[in-house]
Amino acid sequence: MTAPDAADDYIPDSGDRTFSVRRYELDLTYKLAANRLSGRATLSATASEQLRSFRLDLVGLRASRVRVDDERRTSFRQGPRHVRVRPERVIEAGEQFTIEVEYGGAPRPRRSRWGSIGWEELEDGSLVASQPTGAPTWFPCNDRPDDKATYGIRVTTDARYQVVATGEPAQPARSGGTATWAFEQDIPTATYLASVQIGPYAREALDLDGVRGALHRSSSQADAAGEAFADLGRMMRLFQRAFGPYPLGRFDVVVTDDPLEIPLEAQAMAVFGSNHTEPESERLIAHELAHQWFGNSVGLARWRDIWLNEGFACYAEWLWSEESGAASAAACAEGQHARLSGEAQDIVVSDPGARRMFDDRVYKRGALALHALRRRVGDDHFFEILQHWCARHRHGIATSAEFRALAAEVSGVDLASLFERWLDREELPPLDR
């Protein structure tokens, strides 16, 4: 059963719908050798209803001081997943207020039904992998996918390391053996897409079809990473042509010395392991780049609509396959359809359930739904739909129902039965319908 102040029935223990956050100011100090994080978070918030208390998500770290509007009589109580805050006074609906939290501890991933997520130590450094509910492992937040905010992030750590975090970077300030890195993100960003990566990285500037980019890798990964990401500019050119202008200003790629199970997307960033520099991982590079349009700029209002992120990013893989001279998008679709035809027909793409929202069938069947749409409306209307989608919901949130409506609006075609077959039924439809 969903908790009374939960925002999303897929993540009932995360988020609080009684308020929203406009901005996070995070001032962090991280000691790598001891894996010790201390921080001060200042949240600029707005009450959605009258508030006598509210909750923040915080996991594995201990809050030592909480103030609402700097009132000393703010009280709080911390449990394993939340900090319950009671302001000194009642906050009225629509009122703006600030929350300041001082906290610290040894950050570590949280266990979830989707595996371990959040702040994670590397052999030499650390990373953040927050999708969907890992953000509270490193800062107190309102961990809802629909509650986008701007960010100011400052990280002080060992001067031998480079920090790559969400936002536009300033020159680091060095003092003794430490350096402070500052980042400013003025584009609204979901909590799970805010990120901090720390490692012995060197930065290489990239021009990605007019978009500012950078490749961050260690000296041992220089050759492999350079070769693996050599076509990133071509991918950017293709996706800007297909989806519209790149929406996030810059794109940072981080390659760790550690192998990673999967690549990680973050706002205007993607993180790859040392095992992702082989040619067979090229599709994953296209996938993570496409997420900057689908999932990061156009965000989710609720997790059940995750096919809007993953189906679109998978379809981008197929577009790149064709552009690069490999299999056509049609051949990719036919191959995946043949494979899925032999698998269980027991998942609904539009509402797969929390346990299976990262099931590969959601990804691939979502992409197949888009290919079926393309066949139905034709190439001109199909790419017009994608571009309108990215422009209309730029830096915002959206739902599956809104995509269905926009596709019908742009194409002038009744698409209700097509979407019902592909998104709302367990049975995999024939691809030629």
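Residue-level check: of (1) open to solvent by less than 20 Å² (accessible area, probe 1.4 Å); (2) at pLDDT 95 or above, Ser281 misses just (2). Checked against the criterion of being modelled with pLDDT of 95 or more, over 26 Å from the mean Cα position of the chain (by Cα) and surrounded by 13 or more Cβ atoms within 10 Å (Cβ to Cβ), the stretch 357-367 has no qualifying residue. Anything in the stretch 41-73 that is surrounded by fewer than 22 Cβ atoms within 10 Å (Cβ to Cβ) and outside any strand (DSSP E or B)? List them, or say none. Those that are surrounded by fewer than 22 Cβ atoms within 10 Å (Cβ to Cβ) and outside any strand (DSSP E or B): Ser48, Glu49, Gln50, Arg52, Ser53, Gly60, Asp69, Asp70, Arg72, Arg73. Remark: Gly15 falls outside the filter, which requires a residue to be of a type outside the set (Asp, Glu), in contact (Cβ under 8 Å) with a residue 24 or more places away in the chain and within 30 Å of Pro172 (Cα to Cα). When Glu100, Glu168 are checked against the criterion of being under 24 Å from the mean Cα position of the chain (by Cα) and among the acidic types (Asp, Glu), a single residue qualifies: Glu168.
Scanning the stretch 41-74 for residues that are of a type in the set (Lys, Arg) and at positive phi yields a count of 0.
Every listed requirement among (1) modelled with pLDDT of 95 or more; (2) among the charged types (D, E, K, R); (3) assigned to a helix (DSSP H, G or I) is met by Arg203 save one, (3). Which members of the stretch 74-119 meet the condition of being open to solvent by less than 10 Å² (accessible area, probe 1.4 Å), in contact with a helix residue (DSSP H, G or I) (Cβ under 9 Å, 6 or more places away or on another chain) and among the aromatic types (Phe, Trp, Tyr)? Once the filter is applied, which keeps residues that are open to solvent by less than 10 Å² (accessible area, probe 1.4 Å), in contact with a helix residue (DSSP H, G or I) (Cβ under 9 Å, 6 or more places away or on another chain) and among the aromatic types (Phe, Trp, Tyr), the stretch 74-119 yields only Trp119. Looking at the stretch 272-307 only, could you name the residues that are assigned to a helix (DSSP H, G or I) and under 24 Å from Gln185 (Cα atoms)? Ile285, Ala286, His287, Glu288, Leu289, Ala290, Trp303, listed by residue number. Once the stretch 284-313 is narrowed to residues that are farther than 17 Å from Phe229 by Cα and among the charged types (D, E, K, R), the residue that is surrounded by the fewest Cβ atoms within 10 Å (Cβ to Cβ) is Arg302.
The values are calculated or read from the model by the stated rules, or taken from the named source; none is laboratory data. Keep in mind that this is a model prediction, so the values were computed, not measured. Virtual Cβ from ideal backbone geometry, glycine too; neighbours counted across all protein chains shown. Only protein heavy atoms, including side chains, enter the accessible area calculation; ligands, DNA and RNA are left aside. Shrake-Rupley method; radii C 1.70, N 1.55, O 1.52, S 1.80 Å.
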